[in-house]
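What follows is a single structure, written as structure tokens, with notes after it.
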Amino acid sequence: MNKLPQITLSFWIMKICATTLGETAGDLMSMTMHIGYAISSIILLSIFFILFITQLFTNKYHPTLYWAVILATSTAGTTMSDFMNRTLNLGYATGSIILLALLIATLIVWMYTERSLSVTAIRTRRAELFYWTAILFSNTLGTALGDFLADDSGLGFSGGALLIGALLVLTVIAYKFSKISHVFLFWLAFVLTRPFGATFGDLLTKPIEKGGLNFGTIGSSLILFGVLSIMILFTVLERNKNQKTNLM
């Protein structure tokens, strides 16, 4: 019952596209469409749970469904983080600490019950439940961290993206040349790509006078959706080709 994709360069490109799209799409719903953070979170969490249940009861890897769930966690994570930090006035730092604690707790319980934090194979539905819970918390945490870097740290949108990008490069170097656990480095990279997507999303959508590129939430969402769709289509075609080759 292995339902996870291979961890390749294309995986990380799609992850960054999905999380950046989650940032712009979440802002589109909550701010551009004036639905608000609370109602947007309820709507997007409902979509996530529908997709998650569908994913939970499949018995093999479906690229379109998998990335739809990833996108749903990212979009819901954007509005949930904004609700915590802006509507409830917790602030980005406090919200990040709470979400980091939830993520760490999820990973600890997952390791304690499953004796593994494997990100290359899911063998039980309980492990898959932990996997998606960790992803939801990490994507929500990433939004809070990205907003903290962009708004409160003084780095701005581009500075925040550069900092996270540098940390991602260091993570890749550690993966290639160190003996640090690859599972740990995966989750570190997974968390870091979310604030990178958040700051990159802000860079795309915000006006030029605020340090952005002024594509807006609609334009940025359409561009990112197009890129992600092409990547998913390529993945599906490549997977079908490999399956046909194996049958020959």
Inset, instruction - Enumerate the pairs (first residue in the stretch 212-237 and of a type in the set (Val, Ile, Thr); second residue anywhere and surrounded by fewer than 16 Cβ atoms within 10 Å (Cβ to Cβ) and part of a helix (DSSP H, G or I)) with beta-carbon separation below 6 Å, excluding pairs fewer than 6 apart on the same chain, so at least 6 apart or on different chains. - result: THR217/THR32; ILE232/THR64
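For (1) modelled with pLDDT under 85; (2) among the small types (Gly, Ala, Ser); (3) surrounded by fewer than 19 Cβ atoms within 10 Å (Cβ to Cβ); (4) under 16 Å from ASP151 (Cβ atoms), each residue gets a yes or a no:
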| position | (1), (2), (3), (4) |
| --- | --- |
| ILE39 | no, no, yes, no |
| TRP67 | no, no, no, no |
| ALA76 | no, yes, no, no |
| SER81 | no, yes, no, yes |
Inset, instruction - All but one of (1) closer than 18 Å to GLY146 by Cβ; (2) in contact (Cβ under 8 Å) with a residue 40 or more places away in the chain hold for LEU107, so report the exception by its number. - result: (1)
Legend entry - Sole residue being in contact with a Pro (Cβ under 7 Å, 6 or more places away or on another chain), buried (at least 19 other Cβ atoms within 10 Å of the Cβ) and not hydrophobic (A, V, I, L, M, F, W, C), chosen from GLY146, GLY197: GLY146
Inset, instruction - Tell me, please, whether a residue that is more than 19 Å from the chain's Cα centre (by Cα), farther than 15 Å from GLU23 by Cβ and surrounded by fewer than 20 Cβ atoms within 10 Å (Cβ to Cβ) can be found in the stretch 125-132. - result: yes
Inset, instruction - Could you please find all residues in the stretch 107-121 being surrounded by 12 or more Cβ atoms within 10 Å (Cβ to Cβ) and either touching a Leu at 6+ places or on another chain (Cβ under 8 Å) or hydroxyl-bearing (Ser, Thr, Tyr) (or both)? - result: LEU107, TRP110, MET111, THR113, SER116, LEU117, SER118, VAL119, THR120
Inset, instruction - Scan the stretch 1-25 for residues that are of a type in the set (A, V, I, L, M, F, W, C) and part of a helix (DSSP H, G or I) and jot them down. - result: LEU9, PHE11, TRP12, ILE13, MET14, ILE16, CYS17, ALA18, LEU21, ALA25
Legend entry - Residue list for the stretch 56-72, restricted to those being of a type in the set (S, T, N, Q) and part of a helix (DSSP H, G or I): THR64
Inset, instruction - Note down all Cβ pairs under 6 Å where the first residue falls in the stretch 174-191 and is within 12 Å of TRP12 (Cα to Cα), the second is in a helix (DSSP H, G or I) and of a type outside the set (Gly, Ala, Ser), and they're at least six residues apart or on different chains. - result: ALA189/THR171
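The values are calculated or read from the model by the stated rules, or taken from the named source; none is laboratory data. Everything quoted here is computed from the prediction, not taken from an experiment. Here the Cβ is made from the backbone with ideal geometry for all residues, glycine too, and neighbour counts use every protein chain on show.
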